[in-house]
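The values are calculated or read from the model by the stated rules, or taken from the named source; none is laboratory data. Just so you know, these numbers come straight off a predicted model, no measurement behind them. Note that each Cβ is placed from the backbone with ideal geometry, even for glycine, and that neighbours are counted across all protein chains shown. Accessible surface areas use protein heavy atoms only, side chains included; no ligands, DNA or RNA. Shrake-Rupley method; radii C 1.70, N 1.55, O 1.52, S 1.80 Å.
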Amino acid sequence: MAVELLRESYEIQGKNYDKAGEVSGEIKVLLRDLGIDAVNMRRVVIVAYEGEMNVVMYAHRGTLTLVLTDRDINLEIADEGPGIPDIGLALQEGYSTASDEMREMGFGFGMGLPNMKKNSDEFRIESEVGKGTFVFAKIRLNANA
Amino acid sequence: MPELKHGFKISTEKCQGRMPCMRACPTHAIRVKNGKARLIPELCIDCGSCLGVCPSGAISATTVPFAELDRFKFKVAVASPALFAQFAIKETPACVARALLDLGFDAVWEYSVDIELIDRAITDCVKKWPGPFPLISNSCPVIVRLVQVAYPSMVEQLIPVEAPREIAGRELKRRYSLELGLQPEEIGAIYITPCQAKTISILQPAEEEKSYLDGAVGISEIYNDVLQKIRKTTNAEGSPKSKFGIGELFHWGTPEGEFPKLSREHYLPLTGLTDVIKVFDDIEKGKIRNIEFLECHACPGGCIGGNLTVENLYVARSKNLHLVASMSRPSPEFEKEVERRYAVEDFSLRRPLKPRIIEGEVVNLLERVKRRKRADELLKGLPLLNCGLCGAPTCKNHAEDAAAARADLSDCVFLSRDRINFLREIYKK
Ligand SMILES: Nc1ncnc2c1ncn2[C@@H]1O[C@H](COP(=O)(O)OP(=O)(O)O)[C@@H](O)[C@H]1O
Ligand SMILES: [Mg+2]
């Protein structure tokens, strides 16, 4: 059994582009301070950043929880928002419902969820339309050490 | 890991424990215990921020004494373009080069060819790079060390292209050993450096390879001698025999290179460690997008503001602008030489750069997490004034030191009256 070492939760505000990226930034500093190797750190931060951005862009509010165990890093991103009607479609590369405004800001290439999946060793999405979305990602520490 | 060499020494004898160095250090690598400053070598990035602020003159830069260079049969100077911005307008790069010869160098390398070559190599590398972006320039050794120490996940974004001075060292050894029939070891490739960080990068390159250069001499170390030689020969016949014009000694970009072939909106030049750190923090947060290349120099104003330069930054900058403005277009010979060398030389970094291993982090993950939790807990009991009287630059540093058993929490004056008495003893006049 994996032993839980550390659990930290961060609030994410929907539509707040000024603060967007701060949560994944904080996670990066935390992992750096804990001496997590660069490869795993990069994977965690990509997943955290894309997950955070999706909450900022599409949801009202959300929480990102990082759970560090002796063998992996788990990210749980839960939001209150519109939910995803077709998860299979959302996971396709290039699929995006981002507005023109978001695209102008350099977001909405439809690569967020695919990249999160690619950078995780386990990846799961659950969603209920009208309520919200829950994303779970596990990055194993020894897999790339 | 081999023992780290550093760009400066703190003299325990002269140190009076006044702490400006500790407060100035951007990586929090200095502690002042028992009234004496002490360095945590793994955290030091050779930036020299501590050098100028010591009120007791206890910190000195390490450079190679000029006399030590006599062991070489043939000595070649590779002059940082910052050198030429140190003198008056009428003292042209050619005059300065002449003075270097009079000082005992056997040749002055036409360094701008190498700078141009690296400009091209960087432009090509940026175009072919699959990501992650932005790539970060590596010619400033302090920037490389900053990334290795404080931004380990960005190490692979340091551009894998050699610094121009290294390429100069390699080529000059090749050329002169052919021309003169000497062994490469008999030829001294000496960099005339604007900062002590480059001296260190030559003694101990960050990628753990051997440098192509043999040493460095600080601009400030030879400045007076160069000035004297220039004055002596102003009336004598002009410049050194050079097959090229001034363009070969002095590059028209900002000192140490600018990369005009990259489109403006994807390229960001940054100088000054404080600003560089701000931008790196934004990169970590994922805030910097659409930038392909960051050219970073730790000294404000770039290498002409280096801590071994003599002229003040603004005067040097104006001289530099003047030199750039007065330059003619690069000569056909120059262009031909660049073409020739670009076709045959490999400019890629010989070994990948890696994050620096920090001694305190060698313990296992569980212990690291415990320390962090302990540090967070201990921090709650500290005043958050960052007064430094405990000997650490910030309360956070002190909590971390205490959590790792490197310091006693009660060194905080808020927690112990004894500490004040102890300090009173130490700082007694
Ligand atoms: N937390 C979320 N809440 C609602 N919809 C989401 C959420 N995350 C992703 N989506 C939907 O999935 C699509 C694809 O997401 P993603 O792969 O991150 O690409 P992008 O964000 O660039 O559109 C989004 O355009 C959006 O319609
Ligand atoms: Mg997205």
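From the list A:Asn119, A:Asn115, exactly one residue is more than 11 Å from ligand 1 (Cβ to nearest atom) and touching a helix residue (DSSP H, G or I) at 6+ places or on another chain (Cβ under 7 Å). Which is it?
None of the other options fit; the residue is A:Asn119.
What is the number of the single condition among (1) part of a helix (DSSP H, G or I); (2) more than 12 Å from ligand 2 (Cβ to nearest atom) that A:Arg103 does not meet?
The failed condition is (2).
Can you tell me how many residues within the range B:310-363 are assigned to a loop (DSSP other than H, G, I, E, B) and either outside the structural domain of B:Val155 (by TED's automatic domain parsing) or of a type outside the set (Lys, Arg) (or both)?
23
Give the residue, chosen from A:Ile73, A:Ile46, A:Ile36, that is modelled with pLDDT of 95 or more and more than 11 Å from ligand 1 (Cβ to nearest atom).
None of the other options fit; the residue is A:Ile73.
For residues in the range A:111-128 being near ligand 2 (Cβ under 9 Å from one of its atoms) and within 14 Å of another protein chain (Cβ to nearest Cβ), which is most open to solvent (accessible area, probe 1.4 Å)?
A:Met111
Does at least one position in the range B:388-408 carry a residue that is at positive phi and open to solvent by less than 70 Å² (accessible area, probe 1.4 Å)?
Yes, some residue in the range B:388-408 is at positive phi and open to solvent by less than 70 Å² (accessible area, probe 1.4 Å).
For B:Lys380, are the conditions met, namely being of a type in the set (D, E, K, R) and in contact (Cβ under 8 Å) with a residue 40 or more places away in the chain?
No, not satisfied.
Can you report the number of residues in the range B:123-143 which are of a type outside the set (S, T, N, Q) and open to solvent by less than 10 Å² (accessible area, probe 1.4 Å)?
Final tally of qualifying residues: 7.
Would you please name the residue that is nearest to the other protein chains (Cβ to nearest Cβ), looking only at residues in the range A:83-110 that are near ligand 1 (Cβ under 6 Å from one of its atoms) and aliphatic (A, V, I, L, M)?
Top of the filtered list is A:Ala98.
Taking the range A:71-82 as the search range and keeping residues that are touching a strand residue (DSSP E or B) at 6+ places or on another chain (Cβ under 6 Å) and away from ligand 2 (no atom under 14 Å from the Cβ), which one is farthest from the other protein chains (Cβ to nearest Cβ)?
Residue satisfying both the conditions and the ranking: A:Glu80.
How many of the residues in the range B:346-392 are in contact with a Gly (Cβ under 9 Å, 6 or more places away or on another chain) and away from chain A (no Cβ under 14 Å)?
1
Could you tell me whether the range B:189-202 includes any residue that is in a helix (DSSP H, G or I), surrounded by 18 or more Cβ atoms within 10 Å (Cβ to Cβ) and within 14 Å of chain A (Cβ to nearest Cβ)?
Checked the range B:189-202: no residue is in a helix (DSSP H, G or I), surrounded by 18 or more Cβ atoms within 10 Å (Cβ to Cβ) and within 14 Å of chain A (Cβ to nearest Cβ).
Consider A:Leu89 carefully, then state whether it is surrounded by fewer than 14 Cβ atoms within 10 Å (Cβ to Cβ) and within 16 Å of ligand 2 (Cβ to nearest atom).
Against the criterion (surrounded by fewer than 14 Cβ atoms within 10 Å (Cβ to Cβ) and within 16 Å of ligand 2 (Cβ to nearest atom)), A:Leu89 qualifies.
Hey, can you tell me all the residues within the range B:1-43 that are farther than 21 Å from B:Cys387 by Cα and free of Cβ contacts under 8 Å to residues at least 60 places away in the same chain?
B:Glu3, B:Lys9, B:Ile10, B:Ser11, B:Thr12, B:Glu13, B:Lys14, B:Pro41
Hey, does the range A:26-43 have a residue that's within 16 Å of ligand 2 (Cβ to nearest atom) and free of Cβ contacts under 8 Å to residues at least 60 places away in the same chain?
For the range A:26-43, residues within 16 Å of ligand 2 (Cβ to nearest atom) and free of Cβ contacts under 8 Å to residues at least 60 places away in the same chain: absent.
Condition check ((1) modelled with pLDDT of 90 or more; (2) within 14 Å of chain A (Cβ to nearest Cβ)) across all residues:
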position	(1), (2)
B:Glu258	no, no
B:Glu265	no, yes
B:Pro269	no, no
B:Arg289	no, yes
B:Glu295	yes, no
B:Cys303	yes, no
B:Leu313	yes, no
B:Ala325	no, no
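In the range A:21-40, what residues are surrounded by 23 or more Cβ atoms within 10 Å (Cβ to Cβ) and aliphatic (A, V, I, L, M)?
A:Val23, A:Ile27, A:Leu31, A:Ile36 - these are the residues of the range A:21-40 that are surrounded by 23 or more Cβ atoms within 10 Å (Cβ to Cβ) and aliphatic (A, V, I, L, M).
Name every residue in the range B:351-372 that is open to solvent by less than 80 Å² (accessible area, probe 1.4 Å) and either within 28 Å of the chain's Cα centre (by Cα) or at positive phi (or both), in order of residue number.
The answer is B:Leu353, B:Pro355, B:Arg356, B:Ile358, B:Gly360, B:Glu361.
Starting from residues that are more than 8 Å from chain B (Cβ to nearest Cβ) and of a type in the set (S, T, N, Q), keep the ones in the range A:16-70 and report whichever is farthest from A:Ile125 (Cα to Cα).
By that ranking, first place goes to A:Asn16.
Yes/no matrix, rows are residues, columns are (1) open to solvent by 50 Å² or more (accessible area, probe 1.4 Å); (2) over 22 Å from the mean Cα position of the chain (by Cα):
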site: B:Ile277; (1), (2): no, no
site: B:Ile291; (1), (2): no, yes
site: B:Thr309; (1), (2): no, no
site: B:Val315; (1), (2): yes, no
site: B:Ser326; (1), (2): yes, yes
site: B:Glu337; (1), (2): no, yes
